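All remarks here apply to the structure that follows.
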Amino acid sequence: MTTHRPELHFVPESGILEAPAGVLLDGTTWHLFFQYRHELSAPARWGHTYSEELPFDWLECDDVLAPVGGELSLRAGSVAAGEDAINLYFTSVTSTGTSVRLARFTDFQDVCEISDDSHSLDPNVVRYGEVASSVTNYSRFRSPSVVPDWAAKDRDEGHEGWLMLALTGHSDAPLPVILRSADGLSWEVEGPLEFNGEPGFNEGEVPANSSIPPVVSPRLVRLRDEVDGRIYDVLLLTLERNNRDVSGYLVGRLEGTTFTIASGFQRIDFGHDFSRPRNTNTTDGTIPQETRYDEALIFGLLNGNGRGDDPTLHPSFKEEGWANTLALPRHLTLQGGKLFQTPPRGLPDAIRQSERARSWTGVLDVPEGSSVTVTLLDGNGEPAAVVTHAGSTLTLDRSMAKAFDSYFKDSEPAIAQLAEGDSDSLTIVVDGATVEVYADGGQVAMGSRVYFEKGCSDVIVETSGDAVIEQSWQRKGSKL
């Protein structure tokens, strides 16, 4: 019996998932492109999957990109809707460095290609050429994030042309740069990204000749703040701290190459594993212009070990031939310079239609000195993870899981601070070897891997002190 593979989270049929590469929502169809290796010794390439209506029921298609010529591997990038095709911006890795290249995916509205040969490439994807390579003062272009550019300083006037944020330079001292294009095909470098204001990184974390710490996969999201009504740029960053990935964000406004900071670096997820968040672009007409910036949707990888991870040690790889999964997509809103995250719409029904996924949601009143504790049991009735809402703190502890020689026995509890005075609530989603937690209306999110011996069999909820569970709901799959 498959124990670890989730049903609602995306994971490839086999191989090692390394990162979401880019996401495009076309009407009601989700196109997800991902960086992966179909086997351990293979170079990284781009896969493609899609889901109709809701982002839970993924159908894997033929891959869209694989290394050619002298390429050693292909890394993640960005996808955007061109006039007559999806533009795929990817990082090409060769023995001499990295560059950003473009491929074009035509006829993507048709049913995707599914060949008997798992190594087949979709014939509708054609390489266009190099769009960002070594030039004076800049080299090793990589990790492109492409979004529509603004038509004017008044952001309510909409968009014209395209903007790219990319990394250059050595990975130990990355230099982010801004490029712009009228058509998404021909690009010009405008210059390095500069911060106006205090970015809030740790002391000593930013190397000389760079404006940011060592990062991977910077991304841009636009949101209208519900407090002041202005449209802001949210810069998503994954930092490498103490050999772990730490994902967070800065809020501000990018004008030219200057990012004026409204609020400095904050963590986007406080769990053990959420990493490398990716924005979702849309085709014209998918979202009405008047609500376009009310919310955004991101996807992330659930593996916080970063570049030092060894997928062969994962129980899922040893027993089932796959490693890593994506987190559930998250809806983002901006409130007073802070991101709030909530689960995707349709999740309760998707859980009920699954076989073994489950969730617990509670509306709580947790005074200081009290707590609500939710224990997730494995198939033997033993605790595998414990989530504790203590009013001012949220904790996720997975160290007691006994599966597979206690794979996470040395894992420290994940802890997040909760704001005082907010309404207390808790949502916990368990799907295969994934646990995701949302607290206090989305003020805090946590994503962690947990290996359950024989699956998650039950959810036990207890209170201490004066804590009260005012309402609660539990949903579970048909075989639980």
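The values are calculated or read from the model by the stated rules, or taken from the named source; none is laboratory data. Here the structure is a predicted model, which is why all the values come from computation and not from measurement. In this analysis, Cβ positions are derived from the backbone assuming ideal geometry, glycine residues included, and neighbour counts consider all displayed protein chains. SASA here: full protein model, heavy atoms, side chains in, ligands and nucleic acids out. Shrake-Rupley method; radii C 1.70, N 1.55, O 1.52, S 1.80 Å.
Quick look at the values:
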item	result
Contact order normalised by residue count of the range 271-393, Cα under 8 Å, 6+ apart, percent	16
For the range 63-221, fraction of C-alpha pairs farther apart than 19 Å, in %	59
Whole-Hz ³J(HN,Hα) from phi, Karplus 6.51 cos²θ - 1.76 cosθ + 1.60, for the range 207-214, glycine and proline x	x, 4, 6, 9, 9, 9, x, x
For Ala19, net neighbour charge (Lys/Arg +1, Asp/Glu -1) across residues whose Cβ lies under 9 Å away	+2
Table column - 3J(HN,Hα) (Hz), the range 373-390, Karplus curve with 6.51, -1.76, 1.60, x for Gly and Pro	10, 10, 9, 9, 9, 7, x, 9, x, 9, x, 10, 7, 9, 10, 10, 9, 10
Within the accessible area of the chain (1.4 Å probe), percent carbon and sulfur	44
Solvent-accessible area per residue, Å², over the chain with all protein chains present [probe radius 1.4 Å]	40
Projected-area mean, the range 167-251, by convex hull of Cα positions, square nanometres	7.2
The range 387-465: Rg to Rh, with Rh as the Kirkwood radius over Cα pairs	0.98
Unpartnered cysteines - no second Cys beta carbon under 4.7 Å - across the chain	Cys456
Cleavage-rule hits (trypsin sites (Lys or Arg not before Pro)) in the range 126-204: DSSP loop, at most 16 neighbouring Cβ within 10 angstrom	Lys153
Charge sum, other residues only, whose C-beta stays under 15 Å from Val189's C-beta, Lys/Arg counted +1 and Asp/Glu -1	-2
Extent along principal axes [Cα atoms of the range 63-154; Å; largest to smallest]	46, 41, 17
Long-range amide H partners of Tyr128 with built H, under 5 Å	Leu102, Ala103, Arg104
Per-selection Rg to Rh, the range 299-445 - Cα, Kirkwood hydrodynamic radius	0.96
Loop-exposed GluC sites (Glu not before Pro) per DSSP, neighbour cap 15 Cβ within 10 angstrom, longest uninterrupted part of the chain	227-354
The range 170-213, dipole about Cα centre (Lys/Arg Cβ +1, Asp/Glu Cβ -1), debye to the nearest 20	100
Label-point separation in nm, Gln266 to Leu185, each point 7 Å along Cα→Cβ	4.2
Per-residue [θ]222 nm for the chain (sum of -39500 (n - 2.57) over DSSP H runs n ≥ 4, rounded to 500)	-1000 deg cm²/dmol
Contact order relative to length of the range 130-289, as percent, for alpha carbon pairs under 8 angstrom and 6 or more apart	17
